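Colleague: Let me begin by handing over the structure; questions about it come next.
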Amino acid sequence: ANLGLANFHLRRFDKAVAAYEEAYRLKSTDALFAGNLAETYYWAPGKRPQAEEMFRRAIELGKKQLEVDPRDSEARSRVAKWYAYLHERKPALDHLQRVLADRPQDSAVLYRAAIIRNLLGDGEAAIALLQKALALGYSPVEAGQAIEFDNLRQDPHFRAIWATTKLKKGD
């Protein structure tokens, strides 16, 4: 899974797919492994058709986690994100609103909320949430590299966020 994550962030999707497929094969009951594989399929050239089925599996496993602990903000925000990848707005926003009500100042939750809103086509809301996540301490390096924000990179408001961070070119 760690190898998959490293390759995903480096955008070496063929290697990320192989690593995540192996992780999922070893532990097919893990929602995070299923979700990571689904996201990698989504971005990997030629693999998007496989993503939907894996997102559905990840959501199913994530909901089982939420049956055990309904206040698990990480699991709930991941389920919301997977629904957003499927463009299923209502369940994505229902889960997102619930987790934001429980954890309104959690930088990781706000970061995931920004991704969710962007995947749903709400760029302005995504930028506002991302700015709040960064202000609360979320990693600007991780946020700046997120593939889910590629469509916003030329937006002046998005660019302004990076102009106000302490990061210098090459960090």
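The values are calculated or read from the model by the stated rules, or taken from the named source; none is laboratory data. The structure presented is a predicted model; accordingly, all values stated were derived computationally and were not measured. Methodologically, a virtual Cβ is constructed for each residue, glycine included, from the backbone with ideal geometry; neighbour enumeration extends over all protein chains shown. We work out accessible area using only protein heavy atoms, side chains counted, and drop any ligands, DNA or RNA first. Shrake-Rupley method; radii C 1.70, N 1.55, O 1.52, S 1.80 Å.
Colleague: With the requirement that a residue be in contact with a helix residue (DSSP H, G or I) (Cβ under 6 Å, 6 or more places away or on another chain) and free of Cβ contacts under 8 Å to residues at least 24 places away in the same chain, what does region 1-16 give you?
Modeller: If the condition is that a residue be in contact with a helix residue (DSSP H, G or I) (Cβ under 6 Å, 6 or more places away or on another chain) and free of Cβ contacts under 8 Å to residues at least 24 places away in the same chain, then 3, 7, 15 are the ones that fit.
Colleague: Scan 86, 61, 37 and give me the residue that is more than 15 Å from the chain's Cα centre (by Cα), among the aliphatic types (A, V, I, L, M) and farther than 25 Å from residue 160 by Cα.
Modeller: 61
Colleague: Now for a different question. Output the number of residues of region 37-62 satisfying the condition of being within 16 Å of residue 78 (Cβ to Cβ) and either among the acidic types (Asp, Glu) or in contact with a Gly (Cβ under 6 Å, 6 or more places away or on another chain) (or both).
Modeller: Qualifying residue count, region 37-62: 3.
Colleague: Another question, if that's okay. Given the conditions (1) surrounded by 12 or more Cβ atoms within 10 Å (Cβ to Cβ); (2) touching a residue at least 12 places away in the same chain (Cβ under 8 Å); (3) not hydroxyl-bearing (Ser, Thr, Tyr), report the number of the one that residue 87 does not fulfil.
Modeller: (1)
Colleague: Would a scan of region 139-146 turn up a residue that is over 22 Å from residue 5 (Cα atoms), free of Cβ contacts under 8 Å to residues at least 60 places away in the same chain and within 15 Å of the chain's Cα centre (by Cα)?
Modeller: Taking every residue of region 139-146 in turn, none turns out to be over 22 Å from residue 5 (Cα atoms), free of Cβ contacts under 8 Å to residues at least 60 places away in the same chain and within 15 Å of the chain's Cα centre (by Cα).
Colleague: Could you count how many residues in region 62-84 are open to solvent by 10 Å² or more (accessible area, probe 1.4 Å), among the aliphatic types (A, V, I, L, M) and either in contact with a Ser or Thr (Cβ under 7 Å, 6 or more places away or on another chain) or closer than 23 Å to residue 129 by Cβ (or both)?
Modeller: Matching residues across region 62-84 total 1.
Colleague: Being within 17 Å of residue 81 (Cα to Cα), of a type in the set (Phe, Trp, Tyr) and touching a residue at least 60 places away in the same chain (Cβ under 8 Å), is that true of even one residue in region 17-40?
Modeller: No, region 17-40 contains no residue that is within 17 Å of residue 81 (Cα to Cα), of a type in the set (Phe, Trp, Tyr) and touching a residue at least 60 places away in the same chain (Cβ under 8 Å).
Colleague: Continuing with this model, one more query. Taking residue 100, is it of a type in the set (A, V, I, L, M, F, W, C) and either open to solvent by less than 40 Å² (accessible area, probe 1.4 Å) or in contact (Cβ under 8 Å) with a residue 60 or more places away in the chain (or both)?
Modeller: It is false that residue 100 is of a type in the set (A, V, I, L, M, F, W, C) and either open to solvent by less than 40 Å² (accessible area, probe 1.4 Å) or in contact (Cβ under 8 Å) with a residue 60 or more places away in the chain (or both).
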